[in-house]
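Worksheet: the structure to be examined is printed underneath.
Bear in mind these aren't lab numbers, they're just calculated from the coordinates by the rules spelled out. Bear in mind the structure is a predicted one, so any value in this text is a computation, not a measurement. Every residue, glycine as well, gets a Cβ built from its backbone with ideal geometry; the counts of neighbours run over all protein chains shown.
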Amino acid sequence: MIDINNPDYTTPEQEAVWNAATDLVPLEVTLSMIPREHHESCTQWHTFLTDILNDMYIHTEEYLSVSDLQTYIRWFWVWLYKWYTFDGGAFYASPAQHKKFVKKMGAPLLEFLCSKWGFYIETTEAEVRFGNIKYPLLLTAVHDILAAAYDNYSVNCGDYLTYCDCRALVNYKRTYHDMLVLLNREGRYMAETICEFALSHGIKPAKCTYFKRVEFKKKGKIVFVLDVVKGKNLKINIGFAELGSPAFTMIEEAVNSFDDKEAFAKFWRQNLKKCTACNPNCQKRVTPVEVFGLKTILCQAYLRMFRPKKDDLEYIYRLISLREMVVSAGISEPFYPGNG
C-alpha cells in the first residue's frame, strides 16, 4: 500500500505511481465545493484511482506487461471520452468506432480492465456498450469531470480527471496553494521562500495555468513563473529582456555595477534558456550573440532553473529584482515562459 509519508519505492515506475497517488486532490477538499448530486460518482472515481494505483504500486510489472502507466492513469479515459457517447452510466460507440478504440488502446488492456476492475463490454450489431459493475457510477464521474474541464478550461483538461480535482464541475480556478501541495519538501520550501520575497516586492501570484503552473505578476506583467515538474520538483522561469532592447540596456547597466559581476554573469549564463530549435527557419538558432562576455545562441531571453537550491536564492532574488525593475519602469517586453 502507498504511504503518503513514506516514499519506499524502489524503481522509477513505482516512484511514478507513488507520485500519481499522492497528487490526488483529497475528497474532503472537493466534496465540500461541488453539488451533492455529484458526491457519490466522484467518490467512486477517487476510490477507483486509489485502488488501482495501490495495486499498480505492488504489482507494477503486471501492469507494465499490458500497457504503459500513463495509459492507465490518463490516456485511456481521455480517449474513451472523445471517441464514445455517454448515456446512463455507460459509454456507447458503433462497432466500427469501438474497433478503432481497441486498436488504439490495445485488446490486452481492455481484457485486463474487464477481468480485474469490473469493466464490461456488451456488443450488438448496432452498438458497443462499455460500463463497470464494481464501480457503477465511475464512468459518470469520468464523463462529468472531463465534460466540465473541456467547457471551463483551455489547457490540461485531462489533469482535472487524473488528479481527481472534481472542482472542475464548478469551474474552480486553481491557485498558488493548489500548486504548492504538489511539490516535494525541497520544492515546497523553495517555492514558499521565493513567494515570500516576491510578495515583499509587490509581485503577486496570479493565475494557475497549465494546472500546476503559477504566474507571478506585477502591474499585469509576468515577472517569473513557478511550475511543478517530474518527481514533484520545482522549476522556475524568470523573465529578463530581449537583447538590444531598452530593458536589457537597463539590466546590463545594473549588472555592470555589481561587485560580483563575473560570478553573477556566470550564474546567468548557466541558467539561460537555450535555443531548442523549435523553428528551423529561426535565425536566432544559427546566430550566436555575445552576452556578458560569452557568445551563445538565445531563443527567448529568460532564465530557467530545475530544482533550484538554497544556495541559488541570492541570485534568484537578484534576477527577480532585475525583471521587476524593468516592469516597474514600463519598458519590459512580454514574457512567454513556454512549455519546455
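What does the extension gain come out to for residue 270 and residue 62, with contour length at 0.36 nm per residue minus their alpha carbon separation? If you can, show how the numbers build up before the last one.
Details: separation 208, 0.36 × 208 = 74.88 nm, distance 4.24 nm.
Length gained, residue 270 through residue 62: 70.6 nm.
The value of relative contact order for the stretch 48-188, using C-alpha pairs under 8 Å at least six residues apart, is 19 percent. For a straight C-alpha distance cut-off of 16 angstrom, the lysines reachable from residue 235 (same-chain residues fewer than eight places away being disregarded) are 212, 273, 274, 309, 310.
Which whole-number percent is the relative contact order of the stretch 199-280 (Cα, under 8 Å, 6+ apart)?
On the way: 69 pairs, mean separation 10.4, N = 82.
Reported relative contact order: 13 percent.
Axis angle, to the nearest 10 degrees, between helix 246-256 and the longest C-alpha principal axis of the chain: 70 degrees.
Output the 0 to 90 degree angle, nearest 10, between the alpha-carbon long axis of helix 107-117 and the longest principal axis computed from the alpha carbons of the chain. Between helix and principal axis, roughly 70 degrees.
Computed from the C-beta positions of residue 199 and residue 32 and an R0 of 30 Å, the FRET efficiency is 0.65 to the nearest 0.05.
Within the straight-line cut-off of under 27 Å between alpha carbons, the lysines reachable from residue 100 are 82, 116, 134, sequence neighbours fewer than 8 places apart in one chain being disregarded.
For the chain, what does the relative contact order come out to in percent, with C-alpha contacts under 8 Å and a separation of six or more?
Dividing the mean separation by the residue count of the chain yields 13 percent.
The C-alpha atoms of the chain define a longest principal axis, and helix 185-200 lies at about 50 degrees to it.
Sort 65-75, 119-129 by packing, meaning the average of other beta carbons within 10 Å per residue, with the highest value first. Intermediate results must be reported in sequence, preceding the final value.
Values: 65-75: 16.2, 119-129: 13.2.
Ranking, from highest mean packing down: 65-75, 119-129.
Mean residue ellipticity at 222 nm, helices only, the chain: -13000 deg cm²/dmol; runs of at least 4 DSSP H residues each add -39,500 (n - 2.57), and the sum is divided by the number of residues.
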